[in-house]
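The values are calculated or read from the model by the stated rules, or taken from the named source; none is laboratory data. Computed from a predicted model, the values in this text were never measured in an experiment. Don't worry about glycine lacking a Cβ; one is built from the backbone with ideal geometry, like all the others, and counts go over all protein chains shown.
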Amino acid sequence: MGKKYLIVITTMNQDTNFKRYLKLDLLPTPWCPGCGNGIVLKTICQAFDELNLPKSGTVVVSGIGCAGRSAGFFDLDSVHTAHGRAIPVAEVLHAIRRNTNITVICYANEIYGMTGGQVSPTTPHGTKTLTTPNGNQDQPADVQSLFKHHNCYYARTTAYHLNHMKKSIVEALEFKGFSFVEARTMCIVNYGRRLGYKNSNEMLLHYKDFYKINDYAEELAQNEIGIIKTAS
Ligand SMILES: Cc1ncc(C[n+]2csc(CCOP(=O)(O)OP(=O)(O)O)c2C)c(N)n1
Ligand code: SF4
């Protein structure tokens with residue numbers, strides 16, 4: 001009988017080093033199945049890992065809400081502040097103006113998820129939500145326009161574009177000054193389902209089909225994700 005070989009095929013490419021930035025004993029997260037928040041949380045940790053970010057001296061600050069619960073899962077010093085108080089709007093403007101060395105990662109789900117799906121400042125015009133059954137009458141805040149005339153870093157990315165999200169976060173953390181990453185992500189339960197998506201995968205596929213990457217542009221069109229970096 002000839003020799004027998006045992007061939008083991010295994011996937012060794014899944015780097016798990018990023019887990020050192022998480023409090024693994026607190027998992028699983030309380031988020032709904034299909035929620036995009038976990039994708040953003042993991043990608044932030046991967047970006048931290050790529051930069052070998054020191055745990056000492058790094059502070060995570062969040063507000064209330066589903067996304068805000070992220071702060072508790074980082075194995076870092078963190079502050080879980082009151083709703084809307086992580087970076088109050090007035091401070092964002094001054095941070096932009098002064099180019100303060102802070103990175104904001106916004107889990108941009110276009111809705112107040114935790115409280116049931118009320119209209120929020122970033123809900124698109126015309127969209128039906130729990131509190132706008134006839135469609136949102138207001139225009140959403142144009143986040144990128146805040147950064148246009150200042151020497152800051154702004155990136156828009158999505159939970160579908162994982163490599164792009166990681167790159168956006170890594171560059172934001174490396175940027176010397178104020179940086180903002182708008183990570184579009186799915187709230188399937190209190191938003192997507194009301195819009196007619198059957199599951200969160202359908203929302204991901206919408207990101208894939210709708211958004212085109214346009215890095216280092218001066219301005220991003222509605223259907224573009226990318227990085228706007230005016231100085232560093
Ligand atoms: C000052 C204040 N206003 C309202 C609330 C009630 N509240 C708790 S979570 C929430 C919505 C959170 O939505 P968002 O910040 O978009 O985060 P998400 O749940 O979508 O991740 C609201 C209105 C609060 N906790 N504090
Ligand atoms: S309500 Fe929406 S944002 Fe909150 S955990 Fe569920 S899917 Fe995620």
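Quick notes on this structure:
- Options D25, D15; residue that is farther than 25 Å from T122 by Cα, in a helix (DSSP H, G or I) and over 18 Å from the mean Cα position of the chain (by Cα): D25
- Failed item in (1) modelled with pLDDT under 95; (2) closer than 20 Å to T185 by Cβ, with Q46 passing the rest: (1)
- Condition met for T127 (part of a loop (DSSP other than H, G, I, E, B) and surrounded by 15 or more Cβ atoms within 10 Å (Cβ to Cβ)): yes
- Out of A95, A67, one residue alone is away from ligand 2 (no atom under 16 Å from the Cβ), surrounded by 15 or more Cβ atoms within 10 Å (Cβ to Cβ), within 19 Å of V181 (Cβ to Cβ) and in contact (Cβ under 8 Å) with a residue 12 or more places away in the chain. It is A95.
- Taken together, the residues in segment 99-111 that are over 14 Å from I169 (Cα atoms), out of contact with any Gly (no Cβ under 6 Å at 6 or more places or on another chain) and near ligand 2 (Cβ under 9 Å from one of its atoms) amount to 1.
- In segment 153-191, the residues that are β-branched (V, I, T) and surrounded by 21 or more Cβ atoms within 10 Å (Cβ to Cβ): T157, T158, I169, V181, T185, I188
- The lone criterion from (1) in contact (Cβ under 8 Å) with a residue 24 or more places away in the chain; (2) within 30 Å of P33 (Cβ to Cβ); (3) among the basic types (K, R) left unmet by R193 is number (1).
- Output for segment 160-198, where each listed residue is closer than 22 Å to D209 by Cβ, among the charged types (D, E, K, R) and away from ligand 2 (no atom under 13 Å from the Cβ): K166, K167, E182, K198
- Take the conditions (1) assigned to a loop (DSSP other than H, G, I, E, B); (2) within 15 Å of ligand 2 (Cβ to nearest atom); (3) under 19 Å from L41 (Cβ atoms); (4) not basic (K, R); G116 misses just one of them, which is (3).
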